[in-house]
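Bear in mind these aren't lab numbers, they're just calculated from the coordinates by the rules spelled out. Keep in mind that this is a model prediction, so the values were computed, not measured. Cβ sites come from the backbone with ideal geometry, for glycine too, and all protein chains shown count toward neighbours.
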Amino acid sequence: MKKQHPCGCKTFIVLRVGMDFKLKCEQCGHEVMLPRVKAEKNIRKILE
């Protein structure tokens, strides 16, 4: 993501894809739901 999570981590795990994206922070485990348009705009790089 372009902006980092408040815990300091920049990487998220994608849990669900549809009209909304459900993302989970890799460092603290916090889950976030974002609209698809906002998530696609803010994704910087896809890691495998």
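Some notes on this structure:
- Qualifying residue in segment 18-25 (condition: surrounded by fewer than 10 Cβ atoms within 10 Å (Cβ to Cβ) and out of contact with any helix residue (DSSP H, G or I) (no Cβ under 9 Å at 6 or more places or on another chain)): no
- Any chance residue 16 is touching a residue at least 24 places away in the same chain (Cβ under 8 Å) and in contact with a Lys or Arg (Cβ under 6 Å, 6 or more places away or on another chain): no
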